[in-house]
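Structure, as structure tokens:
The values are calculated or read from the model by the stated rules, or taken from the named source; none is laboratory data. Predicted model, so just to flag it, every value in this text is computed and none were measured. A quick note on method: Cβ atoms are made from the backbone with ideal geometry, for glycine too, and the neighbour counts reach across all protein chains shown. Ligands, DNA and RNA are excluded from the accessible area calculation, which covers all protein heavy atoms including side chains. Shrake-Rupley method; radii C 1.70, N 1.55, O 1.52, S 1.80 Å.
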Amino acid sequence: MAFYRGRGHSGHGADHSHHHGFGGNDHYHELRNASKRSLFAAFVLIVGYMLAEVIGGILSGSLALLADAGHMLTDAASIGLAMAAMQFAERPVSPERTFGYHRLEILAALLNALTLWLIAAWIIFEAYHRFTSVPEVKGGLMLAIGAIGLGVNIAAAWILHGSSKHSINVEGAFQHVMADLLGSVGVVISGILIWAFDWWLADPVVSIVISILILLSSWRLLARAVHVLLEGAPEHIDVSYLCRKMEEVEDVAQIHDIHVWTISPGNEALTAHVLIDLDYPDNLEALLRRLRDIAFHDFGIGHITLQLETSQEKCTENHRIN
């Protein structure tokens, strides 16, 4: 770890330290490599089936099948975007990009969420027109292709599920696949209704239900991406509790001007001003080490910057977290 000691607002030390990832640098890279492998395996599955679904949708005349195929195309694009973002994020930092390109993963997740909403809007629009002019649909072919697609989407979702817990970028691709899985379920249901009862309206009805489910499932992803871009505190970190833990350290009077945010999945940052007693002995490194250990070991924060002060008189940023 790097340690830097400088001069603060009132002549005391500042600590700038960086730990790579929640569980260490090796664990962080292990998770990223596992995510890459999961994304690539899901990409191969989805692209292969998407081609078969496009052909089946044209031959059967099914909107639900074509809509699902179109969504699988965006799945492939979203997974490709996620892989590209992860690869690009590994570029080294520079004077112009002091945090590197890690935020590209968040932007990819945001783009994936917005794409899901556009897809849902397109399906609803097309379904509306099918209510006024109901075409004949070949239910048997639609059912067969939909059943195969359901199996493919279950496999892809299973591959991505583990990695989605550690990366909002992978979660974006996972949400696309889950929406596709719902679409495949809808295709199977409408295929059964058309094949068994000749109820062709099942196709647009199920398409609308699929769209609503897509909107609901993608909302959390969109909210998380926006929260990160707005520099919100990570969900797993209680900032008030973090302040209290630091203030329990002997000779620490108050923690203020604290900021905790996510740079990229699994890579959180902290900055704070630490008000210490006036008569504190000049052994600042030991104090900074104790505070840093609390942030890293108890809360999993990897990038830590602490500014020590003996007075708030010249501190321009003085807000307090209760």
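One line per residue, one yes/no per condition, for (1) under 19 Å from the mean Cα position of the chain (by Cα); (2) small (Gly, Ala, Ser); (3) outside any helix (DSSP H, G or I):
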| position | (1), (2), (3) |
| --- | --- |
| Ala108 | yes, yes, no |
| Leu111 | yes, no, no |
| Glu126 | no, no, no |
| Arg130 | no, no, no |
| Met142 | no, no, no |
| Ile154 | no, no, no |
| Ala173 | yes, yes, no |
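Of all residues in the range 87-100, those being open to solvent by less than 90 Å² (accessible area, probe 1.4 Å) and either within 13 Å of Asn267 (Cβ to Cβ) or assigned to a loop (DSSP other than H, G, I, E, B) (or both) number 5. Against the list (1) under 29 Å from Pro265 (Cβ atoms); (2) part of a loop (DSSP other than H, G, I, E, B), the condition Trp158 fails is (2). Name the single residue that is farthest from Pro265 (Cα to Cα) among those in the range 161-180 being of a type in the set (A, V, I, L, M, F, W, C) and open to solvent by less than 40 Å² (accessible area, probe 1.4 Å). So, considering only residues that are of a type in the set (A, V, I, L, M, F, W, C) and open to solvent by less than 40 Å² (accessible area, probe 1.4 Å), the one farthest from Pro265 (Cα to Cα) is Ala179. If you go through the range 218-238 and keep only what is open to solvent by less than 30 Å² (accessible area, probe 1.4 Å), touching a residue at least 60 places away in the same chain (Cβ under 8 Å) and of a type outside the set (Val, Ile, Thr), you end up with Ser218, Leu221, Leu222, Ala225. For Ile106, are the conditions met, namely being in contact with a strand residue (DSSP E or B) (Cβ under 9 Å, 6 or more places away or on another chain), modelled with pLDDT of 80 or more and crowded, with 18+ Cβ neighbours inside 10 Å? For Ile106, the condition - in contact with a strand residue (DSSP E or B) (Cβ under 9 Å, 6 or more places away or on another chain), modelled with pLDDT of 80 or more and crowded, with 18+ Cβ neighbours inside 10 Å - is met. Is it the case that some residue within the range 227-243 is aromatic (Phe, Trp, Tyr), farther than 22 Å from Gly172 by Cβ and assigned to a helix (DSSP H, G or I)? Yes, the conditions are met somewhere in the range 227-243. Of all residues in the range 289-298, one or more are in contact with a strand residue (DSSP E or B) (Cβ under 7 Å, 6 or more places away or on another chain), under 30 Å from Glu105 (Cβ atoms) and among the basic types (Lys, Arg).
Within the range 267-285, is there a residue that is open to solvent by 10 Å² or more (accessible area, probe 1.4 Å) and of a type in the set (Gly, Ala, Ser)? No, the range 267-285 contains no residue that is open to solvent by 10 Å² or more (accessible area, probe 1.4 Å) and of a type in the set (Gly, Ala, Ser).
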